[in-house]
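Please treat every number below as a calculation from the coordinates, not as lab data. Just so it is clear, the structure is predicted and the values come from calculations on it, not from any experiment.
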Amino acid sequence: HEGFLYRKHEEEGKERSPNSKSWVNLFCVLKQGEIGFYKDARHRTTPYNDEPLLNLAICEFDTTNGYKKKKNEDLKGWVNSINASLKEIEEIAKWEKATNSS
Ligand code: I3P
């Protein structure tokens, strides 16, 4: 799953920029349990702001936090993809556990 999303950090970094709470339109790519953020579709080797890939396995994911200031029409599709990805990670972990113990 990939596409442009507007993103905003809830926590503000020590430095105002680039960790400000402003919205930024980024090309987001969900692949193998990780999400990468890029300036556009052509620059998917260089993450936006040199951010490391976001590993879903160590993330908490909550769509019910009640943010209502802006609507998010792409939410449903991304939630489905993220959940499918999490399931995949879980299955791989189970499989690895089973192979290691046999
Ligand atoms: C932020 C910007 C965001 C706003 C955020 C501001 O300021 O106006 O649009 O989020 O509000 O801090 P800046 O551009 O100077 O970083 P919303 O659009 O969600 O209101 P916040 O502090 O309430 O997150």
## Note on the structure
Once Thr45 and Glu11 are pulled to full extension, the length gained, defined as 0.36 nm per residue separation minus their Cα-Cα distance, is 9.7 nm
## Note on the structure
the chain, convex hull of Cα, quarter of hull surface, nm² -> 8.1 nm²
